Amino acid sequence: LLDAIVSFTVRAENPNRRIGIYYDRVAIYLYYAGLQVGESSIDPFYQGHRDVRFLRSNLTTTDLPLTQELATSLRNDIAQNRVPLDVRVRVKARVKIGALKSPRVKVRSHCSVVV
């Protein structure tokens with residue numbers, strides 16, 4: 001069984017001079033070797049033009065069952081101080097230009113990290 005606490009810091013940058021962004025939903029999913037370890041979210045927020053924000057979120061997993069093969073692989077990765085993880089982010093956002101707001105759009109991002 002896997003117990004884990006992972007802290008995320010997400011950097012959101014809006015370099016536009018006239019466009020603001022409403023982030024209505026930000027969901028973060030963490031995977032190890034194709035197994036979803038857990039999920040987390042960030043509260044909705046508005047990001048004005050030319051703004052950079054650092055958003056924090058914690059992901060907690062308790063008693064996640066692992067196969068023997070996956071547990072052995074994870075132990076080996078931890079012993080080598082190199083745990084490969086996949087992070088997927090799903091965002092629902094709107095754009096604000098002046099007084100106009102766009103409909104919501106879905107944005108998906110995927111990145112691989114080694115911790």
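The values are calculated or read from the model by the stated rules, or taken from the named source; none is laboratory data. Just so it is clear, the model here is predicted, and its values are computed rather than measured. Every residue, glycine as well, gets a Cβ built from its backbone with ideal geometry; the counts of neighbours run over all protein chains shown. We work out accessible area using only protein heavy atoms, side chains counted, and drop any ligands, DNA or RNA first. Shrake-Rupley method; radii C 1.70, N 1.55, O 1.52, S 1.80 Å.
Might you tell me the accessible area per residue for the chain, computed with a 1.4 Å probe and given in Å²?
69
Given a cut-off of under 8 Å on Cα pairs at least six residues apart, what relative contact order in percent is computed for the chain?
Relative contact order of the chain: 33 percent.
Treating the angle as unsigned and between 0 and 90°, give the value, to the nearest 10°, between the Cα long axis of helix 68-79 and the longest Cα principal axis of the chain.
It works out to around 80 degrees.
I need the phi-derived Karplus couplings for segment 54-59: 6.51 cos²θ - 1.76 cosθ + 1.60, θ = phi - 60°, integer Hz, Gly and Pro marked x.
Residue by residue, segment 54-59 yields 10, 10, 10, 8, 10, 10 Hz.
Which of Ile5, Val37, Val87 sits farthest toward the positive end of the charge dipole of the chain, with +1 on the Cβ of Lys and Arg and -1 on the Cβ of Asp and Glu?
It is Val87, whose Cα lies furthest towards the positive end.
List the aspartates and glutamates whose alpha-carbon lies under 15 Å from that of Lys92, not counting same-chain residues fewer than 8 positions away?
Asp24, Asp43
If each DSSP helix of 4+ residues adds -39,500 (n - 2.57) and the sum is divided by the residues in the chain, what number results at 222 nm, nearest 500 deg cm²/dmol?
One gets -3000 deg cm²/dmol as the mean residue ellipticity at 222 nm.
Search the structure for amide H atoms under 5 Å from the amide H of Arg25, placed 1.01 Å from N in the peptide plane, and list their residues when 5 or more places away or on another chain.
Long-range HN contacts for Arg25: Lys92.
Computed over the Cα atoms of segment 2-114, what is the ratio Rg over Rh, Rh following Kirkwood?
1.09
Pick out, in residue order, every one of the trypsin sites (Lys or Arg not before Pro) in segment 27-61 that is DSSP loop and has at most 15 other C-beta atoms within 10 Å; say none if there are none.
Arg50
Which net charge results when you count Lys and Arg as +1 and Asp and Glu as -1 among the other residues whose beta-carbon is under 15 Å from that of Val89?
Values: positive: Arg11, Arg25, Arg53, Arg56, Arg88, Arg90, Lys92, Lys106, Arg108; negative: Glu13, Asp24, Glu39, Asp43, Asp86.
Neighbourhood net charge equals +4.
What ³J(HN,Hα) values, in whole Hz, does the Karplus curve 6.51 cos²θ - 1.76 cosθ + 1.60 give for segment 21-33 when θ = phi - 60°, with x put for Gly and Pro?
Here the 3J(HN,Hα) series is 10, 9, 8, 7, 8, 10, 10, 10, 10, 10, 10, 10, 6 Hz.
Could you check how much of the accessible area of the chain is carbon and sulfur, as a whole percent, using a 1.4 Å probe? Kindly include the intermediate steps, with their values, before the conclusion.
Details: 4010 of 7890 Å².
The value for the chain is 51 percent carbon and sulfur by accessible area.
I need the trypsin sites (Lys or Arg not before Pro) found in segment 2-32, filtered to DSSP loop residues with at most 14 other beta carbons within 10 Å of theirs.
Sites meeting the loop and neighbour criteria: Arg17, Arg18.
What residues qualify as long-range amide H neighbours of Ala33, i.e. H under 5 Å apart, gap of 5 or more or another chain, H built at 1.01 Å from N?
Those lying under 5 Å, H to H, from Ala33 are Asp86.
Counting Lys and Arg as +1 and Asp and Glu as -1, each charge on the Cβ, what is the dipole of the chain about the Cα centre in debye, to the nearest 20?
Dipole of the chain, to the nearest 20 debye: 1000 debye.
Using the Karplus equation 6.51 cos²θ - 1.76 cosθ + 1.60 (θ = phi - 60°), what ³J(HN,Hα) coupling, rounded to whole Hz, does each residue of segment 94-101 give in order, writing x for Gly and Pro?
10, 10, 10, 10, x, 9, 8, 10
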